[in-house]
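Colleague: Okay, handing you the structure first.
The values are calculated or read from the model by the stated rules, or taken from the named source; none is laboratory data. Just so it is clear, the structure is predicted and the values come from calculations on it, not from any experiment. Counting neighbours? That spans all protein chains shown, and the Cβs are built from the backbone with ideal geometry, glycine included. Each accessible area value is taken on the protein alone, full model and side chains, heavy atoms only, with ligands, DNA and RNA left out. Shrake-Rupley method; radii C 1.70, N 1.55, O 1.52, S 1.80 Å.
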Amino acid sequence: MLVLVNHKRYSGYCLYRALLFNIVLFGSLSACVVGPDYVRPELNPAQHYLDVDSVLPSNHFHNTYSTHLYTEAKLQMNSLPPYLANFRWEDFYLDPYLRSLIQHAIDKNLTVKNMQSQLLEARATFIATDAERYPTFDLEGSVEPERLSGETNSPPLNKTIIDLSGVLAWELDLWGGFERGSESAFATMLSTRELLHYSYVSLIGDLATNYYEWLDSHQRHLISENTVKLRKKAYDLAQLRHKNGVISGLEVQQSEVEYQTALATLPDLILEKKLAESQLRILLGEFDFPLEPPLEMDSIVDTIVTDVFNNSMHVQKEANKTSTHFSSQNKQLSKKDRKDSAQNAVTLANAQVLMNTQQFPNWFALGVPSQLLKFRPDVRAAEQALIAANADIGLAESALFPSFTITGTYGLEALSLADLFTQKGIFWSLLSDIVAPIYNAGSLSADVEIARQVAIQAQLTYRNTLLTAYFEVNDAIQSYKRAEASILMQTTLVDAAAKYTHLARLRYINGVASSLDFMDAQRNLFSAQLSLSQIQRDKLLAMVELYRSVGGGARPTFETPAVLESTF
């Protein structure tokens, strides 16, 4: 330890020379920074997506709203459309109601607000950590009145000591420990910023997913309600036919079973809608956010029913083939049946309007897997966490070496305020402090080992994050193509089931076929309609997941608070 102390009778020039000597002496030692410098690990990312061409490509289907997923080979042969990750969410999601929900969620979502606060905390932590590299200067002042006892002083003495001084303290960063700490805090701040960006990606993806699941539950509820109405009509018809001796009681019971089976699906679907609405409101950050389907079904039903009704006159001709005994009753039932048949077609048409309208841009490119490093904020966050962990190794190693601290004081001291600013009252001191670790039972070496293992874990997390990102994109591609192929097949099945149900209904009304054929046709149509709705939902969810998996929506457009602006 080197201590230089001067008293009032010396000038401050000696302080400057002593301070300069210490800085030059210790500064000449500060040429090294302990700990490893960061080097990005060799990742060898995949060059293409797996099995993209093993499923039916979307250009095999002549769908107006088909979205083409390019492979790298196609990208080299065609003019490049915009990369999917570069689409702003406002441009990617074309549903106006969904866009309004996303904007509200970005402004109000509590998880996003929490991440914004964490980013501000990380920013403040970096500022505080980086400040440790520099000297601190404090201004101290004191007034100390005192009375000296008459036993030790004759006569007793009353005096007041007035002190005004500046204190400079500086722990020299000879081994680069503070520099490593600043590097770690800065990387942590950048990692938190990327996690904030990823929270936007997750929020937008989760909201779109829940939105389409909500629409699907709403659509399947409509299908079920319509099926319940049709089966109720069939049950009433069976009761009437049994009353007139045309069918047995067994067929009436079978018809009632079909009606009750359809009716039993409604409570679960109502609950499913409510649960989907609850998840949406959590994401929207409000208890009672009003949620209304973007399309009013009833207004569309009235328009389409009229068209279908006018084109269904052949049903009446078939109905007239019934016996004279039931002609008046069957004609009335035929009119109802025509309307029910039309409404059944309307429900299916409405499902297409609700879930099969254009929801996303027609043309975009995925790029190659290595570009995930550029677009995925969670990958970038994992790398920044690795950089921070690597810097922490140097911070831990610096504790193994001696620390050097310089503390200087320069001020004025007097017995009265009038004498305070005189040359006689000047005092100063300089303290150079060296502390070297000798024995600590291996705790400092253990801290270094801990830091190294944390860095190894961070590297493994980084690799795993990149691997996960690759397969999320790959799986989303497969899911989308599977759904697109299934929709074409399922639509054909629904059309065939609808025609079969229509013919079975006519044959049943006219006594040609049994109720078993009619009910079997109804079951097949009901099942096919619900499956089509779910496949349409799966296609939309696959596209949402694809957009999420490439990092789409990481930087949403919103009014950034000024305090956050400097971190972007």
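Colleague: Give the range 478-497 a look and list any residue that's farther than 30 Å from Thr227 by Cα and in contact with a Leu (Cβ under 6 Å, 6 or more places away or on another chain), or say none.
Modeller: Correct list: empty.
Colleague: Which residues, taken from the range 516-533, are among the polar types (S, T, N, Q) and either within 17 Å of Lys229 (Cα to Cα) or surrounded by fewer than 16 Cβ atoms within 10 Å (Cβ to Cβ) (or both)?
Modeller: Gln522, Asn524, Ser527, Gln529, Ser531
Colleague: Restricting to the range 145-198, and then to whatever is in a helix (DSSP H, G or I) and hydroxyl-bearing (Ser, Thr, Tyr), can you tell me which residue is farthest from Phe404 (Cα to Cα)?
Modeller: Residue satisfying both the conditions and the ranking: Tyr198.
Colleague: So which residues in the range 446-486 are hydrophobic (A, V, I, L, M, F, W, C) and touching a residue at least 60 places away in the same chain (Cβ under 8 Å), if there are any at all?
Modeller: Result: Ala451, Val454, Ala455, Ala458, Leu466, Ala469, Val473, Ala476, Ile477, Ala485.
Colleague: Let me ask something else. Can you pull out every residue in the range 103-116 that is open to solvent by 70 Å² or more (accessible area, probe 1.4 Å) and either modelled with pLDDT of 95 or more or not charged (D, E, K, R) (or both)?
Modeller: Scanning the range 103-116 gives Leu110, Thr111, Asn114.
Results for (1) closer than 15 Å to Tyr38 by Cβ; (2) at pLDDT 80 or above; (3) under 46 Å from the mean Cα position of the chain (by Cα); (4) not small (Gly, Ala, Ser), shown as yes or no for each residue.
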residue: Ser370; (1), (2), (3), (4): no, no, yes, no
residue: Leu373; (1), (2), (3), (4): no, no, yes, yes
residue: Glu383; (1), (2), (3), (4): yes, yes, yes, yes
residue: Trp428; (1), (2), (3), (4): no, yes, no, yes
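Colleague: If I filter the range 124-164 down to residues being modelled with pLDDT of 85 or more, out of contact with any helix residue (DSSP H, G or I) (no Cβ under 9 Å at 6 or more places or on another chain) and charged (D, E, K, R), which single residue comes out as most open to solvent (accessible area, probe 1.4 Å)?
Modeller: My answer is Glu140.
Colleague: Among Val228, Val167, Val201, which is closer than 30 Å to Asp95 by Cβ and surrounded by fewer than 23 Cβ atoms within 10 Å (Cβ to Cβ)?
Modeller: Val228
Colleague: Within the set of pairs 6+ apart or on separate chains, which have a first residue in the range 147-172 that is farther than 30 Å from Thr129 by Cα, a second that is open to solvent by less than 50 Å² (accessible area, probe 1.4 Å), and C-beta atoms under 6 Å apart?
Modeller: Partner pairs satisfying both residue conditions: Pro156/Gly150; Leu157/Leu148; Ile162/Ala414; Ile162/Leu420.
Colleague: Quick one: how many residues across the range 96-114 are part of a helix (DSSP H, G or I) and in contact with a Gly (Cβ under 6 Å, 6 or more places away or on another chain)?
Modeller: Total meeting the criteria: 2.
Colleague: On the given criteria, is Tyr470 among the hydroxyl-bearing types (Ser, Thr, Tyr) and open to solvent by 70 Å² or more (accessible area, probe 1.4 Å)?
Modeller: Here the answer is no, as Tyr470 does not meet what is asked.
Colleague: Take Trp214 and tell me if it is in contact (Cβ under 8 Å) with a residue 12 or more places away in the chain and open to solvent by 40 Å² or more (accessible area, probe 1.4 Å).
Modeller: For Trp214, the condition - in contact (Cβ under 8 Å) with a residue 12 or more places away in the chain and open to solvent by 40 Å² or more (accessible area, probe 1.4 Å) - is not met.
Colleague: Something else now. Take the residues in the range 487-502 that are among the hydrophobic types (A, V, I, L, M, F, W, C) and touching a residue at least 12 places away in the same chain (Cβ under 8 Å); name whichever of them is nearest to Gln384 (Cα to Cα).
Modeller: Ranking the qualifying residues of the range 487-502, first place goes to Ile487.
Colleague: Let me ask another. Report, by residue number, each residue of the range 411-464 that is open to solvent by less than 60 Å² (accessible area, probe 1.4 Å), assigned to a helix (DSSP H, G or I) and under 18 Å from Gly177 (Cα atoms).
Modeller: Ser443, Leu444, Ala446, Val448, Ala451, Ala455, listed by residue number.
Colleague: Hey, another quick one. Based on what the data block shows, is Leu269 within 47 Å of the chain's Cα centre (by Cα) and open to solvent by less than 60 Å² (accessible area, probe 1.4 Å)?
Modeller: Spelling it out, Leu269 is indeed within 47 Å of the chain's Cα centre (by Cα) and open to solvent by less than 60 Å² (accessible area, probe 1.4 Å).
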